[in-house]
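Report on the structure given below.
The values are calculated or read from the model by the stated rules, or taken from the named source; none is laboratory data. No experiment lies behind these values; they were computed from the predicted model shown. Neighbour counts are summed over all protein chains in view; Cβ atoms, including those assigned to glycine, are modelled from backbone coordinates with ideal geometry. Surface areas here come from the heavy atoms of the whole protein model, side chains and all, with no ligands, DNA or RNA. Shrake-Rupley method; radii C 1.70, N 1.55, O 1.52, S 1.80 Å.
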Amino acid sequence: MRRPELITARLPQNKVAIVTNTTLARIYLANLTAVLQLQGVSAVTVVLPDGEAYKNWETLNKIFDALLTHRCERKTTLIALGGGVIGDLAGFAAAVYQRGMPFVQIPTTLLAQVDSAVGGKTAVNHPLGKNMIGAFHQPLAVISDTDALNTLPERELAAGLAEVIKYGLIRDLEFFEWLEKNIDRLTARDPEALTYAIERSCRNKAEIVAQDERETGVRALLNLGHTFGHAIEAGLGFGTWLHGEAVAAGMVLAAALSQRMGLANRHDVERIIDILARARLPTAAPELDVARYLELMGHDKKVEGGKMRFILLKGIGNSFIADCVPEDALAETLRSGTLSV
């Protein structure tokens with residue numbers, strides 16, 4: 001942590017609880033606690049198992065056990081040091097511990113830096129659905145260091161690129177065109193390209209969240225591909241596919257459904273598939289029975305009045321919320337858009 005004042009200047013008291021996982025603890029935890037201690041801040045550490053499979057109530061209770069054991073107070077700041085799983089778990093714990101404690105996000109994955117750490121969504125998974133139990137709780141700060149991306153496995157980096165590409169698809173055609181020209185720089189971890197992509201992604205998300213923090217309207221656009229993607233994650237078992245991988249396949253399905261409904265053209269779908277493939281992401285969904293897909297999507301948070309709502313495309317950079325999707329078009333998209341894994 002090269003600039004500890006980014007954290008310490010925001011603390012209501014000189015005590016923090018750092019939540020991280022076993023993988024990241026070995027890389028970052030000692031340094032972060034030492035830097036904070038030099039600033040007069042004491043740190044409680046909570047090290048959790050690594051992986052989406054542990055984003056559940058049992059793991060959440062490990063955080064509460066540590067906070068209570070070390071007598072953390074309502075003004076103790078919880079620091080989420082990790083990717084989307086840690087950020088969601090720690091953020092949810094902060095939202096409900098003593099009815100709300102401050103927290104800071106230090107995202108260490110690209111996906112967290114451009115998406116999950118920004119906007120105040122926190123949650124745990126349920127066997128019937130992803131992120132179905134949670135709360136909105138805004139962090140005091142989100143502190144991203146692109147150097148952390150140098151330790152990411154290639155698969156994790158690619159998963160983050162899915163969310164970066166999403167912003168171009170939903171509202172920023174100019175950014176999508178930049179991504180088409182620069183995707184190889186991003187996969188090669190070019191620092192300048194990564195910094196630009198992260199900043200532009202965060203700006204896109206912040207503008208949407210500022211309009212609709214609680215997702216009663218336009219914020220739902222950020223879920224392009226997620227209705228399908230969450231079904232993929234739940235259907236295969238959480239952790240089998242990374243979130244970004246499932247979202248990539250979900251965006252292809254959303255684009256294909258948009259084309260089938262006469263909204264998007266074939267060239268747009270081909271461009272989407274091409275950039276995802278260049279980002280080393282799946283471009284076809286795993287094979288699940290159509291009925292199973294529909295069952296899992298029926299648990300999606302965007303279901304309203306018993307009807308599934310989808311984020312679809314009228315073209316690249318032009319998304320909208322579809323309240324009514326023909327059942328035959330949806331079923332045919334699920335049948336034709338699958339590939340055995």
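One line per residue, one yes/no per condition, for (1) modelled with pLDDT under 95; (2) open to solvent by 10 Å² or more (accessible area, probe 1.4 Å); (3) within 19 Å of Leu281 (Cα to Cα):
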| site | (1), (2), (3) |
| --- | --- |
| Thr146 | yes, yes, no |
| Arg155 | no, yes, yes |
| Glu163 | no, no, yes |
| Glu174 | no, yes, no |
| Arg185 | no, yes, yes |
| Arg200 | no, yes, no |
| Ala210 | yes, yes, no |
| Arg214 | yes, yes, no |
| Gly217 | yes, yes, no |
Kindly provide the set of residues from the range 126-137 that are surrounded by fewer than 18 Cβ atoms within 10 Å (Cβ to Cβ) and outside any strand (DSSP E or B), ordered by number. Pro127, Leu128
If I filter the range 278-288 for residues that are open to solvent by less than 30 Å² (accessible area, probe 1.4 Å) and touching a residue at least 60 places away in the same chain (Cβ under 8 Å), do I get at least one hit? yes
Filter the range 221-244 for residues that are open to solvent by 10 Å² or more (accessible area, probe 1.4 Å) and among the aromatic types (Phe, Trp, Tyr); the one that is nearest to Val269 (Cα to Cα) is Trp241
For the range 60-78, name all the residues that are among the β-branched types (Val, Ile, Thr) and part of a loop (DSSP other than H, G, I, E, B). Thr76
Out of (1) surrounded by fewer than 16 Cβ atoms within 10 Å (Cβ to Cβ); (2) without any contact (Cβ under 8 Å) to a residue 60 or more places away in the chain; (3) over 19 Å from the mean Cα position of the chain (by Cα), the one Glu180 does not meet is (2)
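Scan the range 110-118 and give yes if some residue there is closer than 21 Å to Asp147 by Cβ, under 22 Å from the mean Cα position of the chain (by Cα) and polar (S, T, N, Q), otherwise no.
So the first thing to find is which residues in the range 110-118 are closer than 21 Å to Asp147 by Cβ, and the list is 110-118.
With the extra rule that they be under 22 Å from the mean Cα position of the chain (by Cα), the set shrinks to 110-118.
Next cut, polar (S, T, N, Q) only: 113, 116.
Looking through the range 110-118, at least one residue is closer than 21 Å to Asp147 by Cβ, under 22 Å from the mean Cα position of the chain (by Cα) and polar (S, T, N, Q).
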